[in-house]
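Report on the following structure.
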Ligand SMILES: CC(C)(COP(=O)(O)OP(=O)(O)OC[C@H]1O[C@@H](n2cnc3c(N)ncnc32)[C@H](O)[C@@H]1OP(=O)(O)O)[C@@H](O)C(=O)NCCC(=O)NCCS
């Protein structure tokens, strides 16, 4: 059965005006000014939350956070979402399908769960599932990928349980607190394209 693929303009509109994505435990809704709060700012200043990413240096502010949100708002190569917990309605983290290449039909998934009380509850796995479905079934992308430090055991489990396969290692590609760490890349090909 052939699938009718919408025009590229229509698909790009779905990136600019992110649809709400929903699972049993979370909503993903387009990141906007209404999500910029002191909690969100504090996640990016928290050393534990940011141990495996480039943030956590204590210099994030409301103003910088608003600038980031504004900078991604109207782009057609990144769909940035706030993650909301269904049980409380609380904004608990952010995720994105970014670095979208419309030439290669690929995109990169990233995530940060700032509210630590929500760690280990399957939120990242649910979020990856939603973004992979969105990327393949609504944006008709061919390849999705995600990179993480080799010591980020939780993220490696998230990638593997999302059906991603290990593609390779970028040697000592991440530098923090005086140490270089390898980045491992995971990826998945749209099963409808096989
Ligand atoms: C890494 C992170 C996204 C994981 O999110 P999460 O919602 O807690 O993950 P999940 O509950 O979906 O768990 C995924 C798997 O990792 C496991 N896990 C969770 N925390 C773990 C830890 N500290 N060490 C090892 N495994 C862990 C879970 O048991 C689960 O395993 P399973 O598939 O066998 O059940 C979240 O902790 C986070 O945002 N951390 C800070 C920012 C970050 O590191 N982002 C990623 C940068 S690439």
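If you take the alpha carbon radius of gyration of the range 1-48 and divide it by 2.2 N^0.38 Å, what ratio comes out, to two decimals? Could the numbers behind the result be given before it?
Working: Rg = 16.4 Å, N = 48, 2.2 N^0.38 = 9.6 Å.
Taking N as the residue count of the range 1-48, the ratio is 1.71.
Two numbers describe the Cα atoms of the range 24-117: Rg and Dmax, which are 13.5, 40 Å. Here the chain is described by how far its Cα atoms reach on the three principal axes: 51, 38, 30 Å, from widest to narrowest. Look at where the Cα atoms of the range 7-68 and of the range 109-130 average out, and the two centres are 13 Å apart.
Antiparallel as a % of all DSSP beta bridges within the range 8-145, to the nearest 5?
Numbers: 20 of 23 bridges.
Roughly 85 percent of the DSSP beta bridges within the range 8-145 come out antiparallel.
Normalising the Debye intensity of the range 73-133 to I(0), with uniform scatterers on Cα atoms only, and taking log10 at q = 0.21, 0.24, 0.28 Å⁻¹ returns -0.82, -0.99, -1.21.
Taken together, the values in this text are just the output of simple stated rules run on the coordinates, not laboratory data. All figures in this text were calculated on a predicted structure; none of them were measured in a lab.
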